[in-house]
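Everything below concerns the one structure shown next.
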Amino acid sequence: MSASPVTATAVPDVQSRSGAVVHYDSHSMEEYTARWDTPMGLGEMAFNDTRKVDEDGVVSMSAVPFQTGADAVFDHAKYFAASHELFPMPESGSLEFSADIAVVTPGTEPGRVIHGSYNDSPGGDRPYAEPTLEGQQAAFMFDVTNVETSQLFDWFVSGNSAFALIERLPSAANNPTLAKDDPAYVGLDKAYTQIITSVTLEPGTTHTYAIRYRRNATQSSVEFLLDGDVRARVDHVGIPLDRQEVDYTGVYPSYRSAPGEELGPRMNTFVIAHGLYNVLDAFPFQHPDAPEMAVSVPMTERLFGQGAQAEFSNLTVTSVSE
């Protein structure tokens, strides 16, 4: 779960017209900090600010090993930056976000089992133990979020693999002051976090990752592309994959087969985000409405010497009306 509250302003030069393209690269640290907000603070960068931007538009950052941690959902974001600008979605058409990304994740151990205990079992009488993908342990995250609905799409890129993730953040994490009777409230009947597919990579190699959202009057879908090839597609955005009986990795099942809801007509703007991440918890990530599923993971299991270093460039947003 990203747990990433963001605010943004509209991009004046991006119109919902055929072939509109915006290049969102930075060519200096000053330009980077003007384009990207850090609503969750600097995280790992507060310990050692490794962020660099070269004149060719390559942004790099490193946290090896991770030093920040918390026994809560906010452990996930080691560093998080969201675009200051807001990108409008065509009423009918597509909006595609792409970037060239290279990552290494020292200290990760594919398949490493994370141990903890359920919070309702004092003394650890009900232990928790689950294997994790490399990208759950440490990764660079490339994210596209619709702020209005808290629906997001991610590529998590690690040293030897990358996975596509689809998620709708619950209000308990994203907007905890929102009342449950508010029409915008997202409870566990609508929230989900699911890893769709994973692909194998050579560590440190640069690939082009893209996320393309499409919609028209009757349907919506999202595609995850790697070097121009579609590696995953999800229709009926907003409805969990297991509820749709769609094949996925099995990480993570929705809570009590949550029905979700179709979100296509409501997703009219998006922000981009990036950061350094891990996701080592059990879904639904200590949500207050599911105490029986709340798992405590000790710091020794969260921080075991893993970290990530990444660079990205050629960040492009393409809007096509149909």
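The values are calculated or read from the model by the stated rules, or taken from the named source; none is laboratory data. Note that the structure is predicted; figures quoted are calculated from it, not measured. Neighbour counts are summed over all protein chains in view; Cβ atoms, including those assigned to glycine, are modelled from backbone coordinates with ideal geometry.
For first residues located in region 180-209 and touching a residue at least 12 places away in the same chain (Cβ under 8 Å) and more than 17 Å from residue 165 (Cα to Cα), partners that are surrounded by fewer than 14 Cβ atoms within 10 Å (Cβ to Cβ) and of a type in the set (Asp, Glu) and lie 6+ apart or on another chain with Cβ distances below 6 Å form the pairs 207/227.
Out of 243, 212, 302, one residue alone is of a type in the set (Lys, Arg) and free of Cβ contacts under 8 Å to residues at least 24 places away in the same chain. It is 243. Name the residue that is nearest to residue 32 (Cα to Cα), counting only residues in region 270-303 that are among the β-branched types (Val, Ile, Thr) and buried (at least 17 other Cβ atoms within 10 Å of the Cβ). So the residue we want is 272. Exactly one residue out of 132, 149 is touching a Leu at 6+ places or on another chain (Cβ under 7 Å) and farther than 27 Å from residue 36 by Cα: that is 132. Based on this model, can you work out whether residue 75 counts as surrounded by fewer than 18 Cβ atoms within 10 Å (Cβ to Cβ), within 18 Å of the chain's Cα centre (by Cα) and on the phi < 0 side of the Ramachandran plot? When the stated conditions are applied, residue 75 does not pass them.
Does residue 220 count as hydroxyl-bearing (Ser, Thr, Tyr) and in contact with a Gly (Cβ under 7 Å, 6 or more places away or on another chain)? So residue 220 fits the description; yes.
What are the pairs, 6+ residues apart or on separate chains, where a residue within region 222-236 that is within 17 Å of residue 143 (Cβ to Cβ) has its Cβ under 7 Å from a residue that is among the aromatic types (Phe, Trp, Tyr)? Within 7 Å, the pairs are 222/153; 222/213; 224/155; 226/209; 231/224; 232/224. Against the definition (at pLDDT below 95, buried (at least 17 other Cβ atoms within 10 Å of the Cβ), on the phi < 0 side of the Ramachandran plot and not small (Gly, Ala, Ser)), how does residue 64 come out, yes or no? No: the conditions fail for residue 64. Here the condition is being farther than 30 Å from residue 58 by Cβ and at pLDDT below 95; of 268, 216, it holds for 216 alone. Which of the following residues is within 28 Å of residue 228 (Cα to Cα), in a strand (DSSP E or B) and either at pLDDT 95 or above or among the aromatic types (Phe, Trp, Tyr) (or both): 56, 100, 25? 100 is the lone residue from the list that is within 28 Å of residue 228 (Cα to Cα), in a strand (DSSP E or B) and either at pLDDT 95 or above or among the aromatic types (Phe, Trp, Tyr) (or both).
Answer with yes or no whether residue 221 is surrounded by fewer than 20 Cβ atoms within 10 Å (Cβ to Cβ), polar (S, T, N, Q) and assigned to a loop (DSSP other than H, G, I, E, B).
Taking the combined requirement at face value, the residue does not satisfy it.
Is it true that residue 157 is surrounded by 14 or more Cβ atoms within 10 Å (Cβ to Cβ), without any contact (Cβ under 8 Å) to a residue 40 or more places away in the chain and either touching a strand residue (DSSP E or B) at 6+ places or on another chain (Cβ under 7 Å) or farther than 22 Å from residue 304 by Cα (or both)?
Here the answer is no, as residue 157 does not meet what is asked.
Answer yes if at least one residue in region 168-184 is loosely packed, with under 15 Cβ neighbours inside 10 Å and on the phi > 0 side of the Ramachandran plot, and no otherwise. No, because not a single residue in region 168-184 is loosely packed, with under 15 Cβ neighbours inside 10 Å and on the phi > 0 side of the Ramachandran plot. Tell me whether region 163-176 contains one or more residues that are hydrophobic (A, V, I, L, M, F, W, C) and more than 15 Å from the chain's Cα centre (by Cα). Yes, because at least one residue in region 163-176 is hydrophobic (A, V, I, L, M, F, W, C) and more than 15 Å from the chain's Cα centre (by Cα). Checking every residue in region 204-214 against the condition of being in a loop (DSSP other than H, G, I, E, B), on the phi > 0 side of the Ramachandran plot and not acidic (Asp, Glu) gives at least one match.
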